[in-house]
1. Going through R235, R255 one at a time, which residue ends up being in contact with a Pro (Cβ under 9 Å, 6 or more places away or on another chain), surrounded by fewer than 16 Cβ atoms within 10 Å (Cβ to Cβ) and among the basic types (K, R)?
2. Consider W149 against the criteria (1) more than 18 Å from the chain's Cα centre (by Cα); (2) over 24 Å from Y256 (Cβ atoms): it satisfies all of them except one. Which criterion is unmet?
3. Scanning for something closer than 21 Å to D239 by Cβ and touching a Pro at 6+ places or on another chain (Cβ under 7 Å), does the stretch 44-61 turn up at least one residue?
4. Output the number of the condition that L240 fails; it satisfies all remaining conditions of (1) crowded, with 23+ Cβ neighbours inside 10 Å; (2) in contact with a helix residue (DSSP H, G or I) (Cβ under 6 Å, 6 or more places away or on another chain); (3) modelled with pLDDT of 95 or more; (4) assigned to a helix (DSSP H, G or I).
5. Just for the stretch 1-10: of the residues that are assigned to a loop (DSSP other than H, G, I, E, B) and either within 19 Å of the chain's Cα centre (by Cα) or touching a residue at least 60 places away in the same chain (Cβ under 8 Å) (or both), which one is nearest to R211 (Cα to Cα)?
6. Being at pLDDT 95 or above, of a type in the set (G, A, S) and assigned to a loop (DSSP other than H, G, I, E, B), is that true of even one residue in the stretch 207-229?
7. Of the residues that make up the stretch 243-253, is at least one touching a Phe, Trp or Tyr at 6+ places or on another chain (Cβ under 7 Å) and either part of a helix (DSSP H, G or I) or under 30 Å from L119 (Cα atoms) (or both)?
Amino acid sequence: MSTEPTSRFVTLRDGRRLAYVERGRPDGFPILHHHGMPGSRLQHEAEPEFYDRLGVRVITPDRPGYGLSDPNPAGRLVDWPADAVELMDSLGVARFGITALSGGGIYALACAAALPDRLTDVVVTGCPAPMQIEGAYRGMRLMTRAGVWLAANAPWLLEAAGRLVGRFISRYPRFVFEQFNRNIPPPDRRWLSMPSVAGGQIEDLREGLRRGTGGYVHDLELLARPWGFAVEDIRVRVDLWHGEADEVIPPRHSRYLAAAIPGARLHMCPGEAHLLLWNHLEEVLLAASGTPAAFGLAIKGPSTLPDRLLESQARSILQTR
């Protein structure tokens, strides 16, 4: 098994510290990856060799309040691009691509709206639309719907619940992970049946909530409120990937964004669900770098996998072909 990359820090102008890791080639094309809700800098979808061969340099920060990054409880969604710019400037990066998983996509879109001259492409998978759209909650899993609804209508109750269950989650992340992922669609279940994938997700959850649930609760509140920018004003190329069977963020969200964002490209994937980033990692990373997917390094998707996997198969699934 590969070792986890070294965690590094940048101190922002207001004194907060932002933690991040890098994967891939130091001289590769820089891509800023946004983890999900919750999540951390430890989130990754492949072994280091995959990123090396693809020629990319993936930089994944802990967003404020997650992992090792200082919280920013008064922070707005529209404040994130300034943090992103300070991070990338500290690394000497002038132009970069952006990728995002799930709820991290709203931060990616905030960057798309604020930083068009700095970005090549923004690629999001399973991204929410503004929760004020008609039917935003329709088709959403109960636990996700409840969290977002509380964030919009009773944030004080969500914050109290977060404090109450935070210690339990940090002590028993595997149990929480397994309960949250009960009765998920078969495409996602196949990925999470692999010990190496499930183990990585559990460690990501544990690390993301190392400081408690404050970062996650704040994320949900920012998702539930008006975002502070109009997606219609985005002027950078945006690719939207979504599984037709996604029950965490229903497909109507990407369809709305594709219609609203000028020039957006929609990739709807039949037979796939929320974890489709694993299936399309090569295409996503190369699109973010402004390069067509032509290297043949794609990770094998769950449609090619048996229902049960040996540990040796689970490890090999995250290797390049």
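1. Values: R255 fails: in contact with a Pro (Cβ under 9 Å, 6 or more places away or on another chain).
Among R235, R255, only R235 is in contact with a Pro (Cβ under 9 Å, 6 or more places away or on another chain), surrounded by fewer than 16 Cβ atoms within 10 Å (Cβ to Cβ) and among the basic types (K, R).
2. Unmet condition: (2).
3. Within the stretch 44-61 (the criterion being closer than 21 Å to D239 by Cβ and touching a Pro at 6+ places or on another chain (Cβ under 7 Å)), the answer is yes, since at least one residue qualifies.
4. (4)
5. The initial filter retains those residues of the stretch 1-10 that are assigned to a loop (DSSP other than H, G, I, E, B), namely 1-7.
In the following step, the residues that additionally are either within 19 Å of the chain's Cα centre (by Cα) or touching a residue at least 60 places away in the same chain (Cβ under 8 Å) (or both) were identified as 1, 4-5, 7.
Values: M1: 27, E4: 20, P5: 21, S7: 16 Å.
If we take residues in the stretch 1-10 being assigned to a loop (DSSP other than H, G, I, E, B) and either within 19 Å of the chain's Cα centre (by Cα) or touching a residue at least 60 places away in the same chain (Cβ under 8 Å) (or both), then S7 is nearest to R211 (Cα to Cα).
6. The answer is yes; a qualifying residue exists.
7. In the first step, residues of the stretch 243-253 are kept if they are touching a Phe, Trp or Tyr at 6+ places or on another chain (Cβ under 7 Å); the result is none.
No.
So that you can scan it fast, the table gives a plain yes or no per residue for (1) in contact (Cβ under 8 Å) with a residue 60 or more places away in the chain; (2) surrounded by fewer than 24 Cβ atoms within 10 Å (Cβ to Cβ):
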| residue | (1), (2) |
| --- | --- |
| L12 | yes, yes |
| R17 | no, yes |
| V21 | no, yes |
| D27 | no, yes |
| H35 | yes, no |
| R41 | yes, no |
| P61 | no, no |
| D70 | no, yes |
| A74 | no, yes |
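The values are calculated or read from the model by the stated rules, or taken from the named source; none is laboratory data. Because the structure is a prediction, the values reported are computed rather than measured. Cβ coordinates were reconstructed from backbone atoms using ideal geometry, including for glycine residues, and neighbour counts include every protein chain displayed.
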